[in-house]
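The values are calculated or read from the model by the stated rules, or taken from the named source; none is laboratory data. Given the structure is predicted, the values throughout are model-derived calculations rather than measurements. Quick reminder, even Gly has a Cβ in these numbers, built from the backbone with ideal geometry, and neighbours come from all protein chains shown.
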Amino acid sequence: MRVMVMVKANADSEAGVLPTEKLLSEMMEFNEQLVKAGIMLAGDGLRPSSTGKRIRFNGAKRSVIDGPFAETKELIAGYWVWQVKSMEEAVEWAKRCPNPMEGESELEIRPFFEAEDFGAEFTPELRAKEARLRREAEQQATDNRQQASDNRHQASGIRHQG
């Protein structure tokens, strides 16, 4: 089963306070354990909500709301996507996580919907289309990571040549 593990935001994360070197090191160690165990599929930290936007839908109408957003306890500062055997396994891994914030913090774990959850409404045609879109999205992500890496190496070379 796939789950999303969300790191809830707090006043510091919303103020843009970055983690210490110690916390970054502890998180890297934890992430390495997750990867070696075949658990971690993805994960990233998010910038404060002041840099974000929300799109509100009302029928055909769309409105854009600029951050920051008031309810800090409802915001997400980061996330992981894990592949686990059960919710219990996810909880056990989450309990091993270093405290993601200074002071009090919270993780929330929620399972993803899987294709079989949708029953007959998710027709073979829709399943095939979803599979194709997932493959294309994965390829784009791979291409984008490679381009970003190439750009970093190129920028590094330019700085060192000067």
Query raised in the report: Filtering the stretch 38-52 down to residues that are more than 13 Å from the chain's Cα centre (by Cα), touching a residue at least 24 places away in the same chain (Cβ under 8 Å) and assigned to a loop (DSSP other than H, G, I, E, B), which residue is nearest to residue 19 (Cα to Cα)?
Result: 48
Query raised in the report: So which strands (runs of 3 or more DSSP E) are wholly in the stretch 53-157 and hold at least 2 residues that are under 30 Å from residue 37 (Cβ atoms) and β-branched (Val, Ile, Thr)?
Result: 76-83
Query raised in the report: Out of the stretch 113-148, which residues are among the aromatic types (Phe, Trp, Tyr) and surrounded by fewer than 11 Cβ atoms within 10 Å (Cβ to Cβ)?
Result: 113
**Report entry** Within the stretch 48-66, considering residues that are surrounded by 10 or more Cβ atoms within 10 Å (Cβ to Cβ) and polar (S, T, N, Q), the one nearest to residue 105 (Cα to Cα)
**Finding:** 49
Report summary line: Inside the stretch 67-98, the number of residues satisfying the requirement of being loosely packed, with under 14 Cβ neighbours inside 10 Å and either modelled with pLDDT under 95 or within 16 Å of residue 16 (Cα to Cα) (or both) is 5
Report summary line: Taking the stretch 25-41 and keeping only residues that are exposed (fewer than 13 other Cβ atoms within 10 Å of the Cβ) and either in contact with a strand residue (DSSP E or B) (Cβ under 6 Å, 6 or more places away or on another chain) or of a type in the set (A, V, I, L, M, F, W, C) (or both), one is left with 28, 35
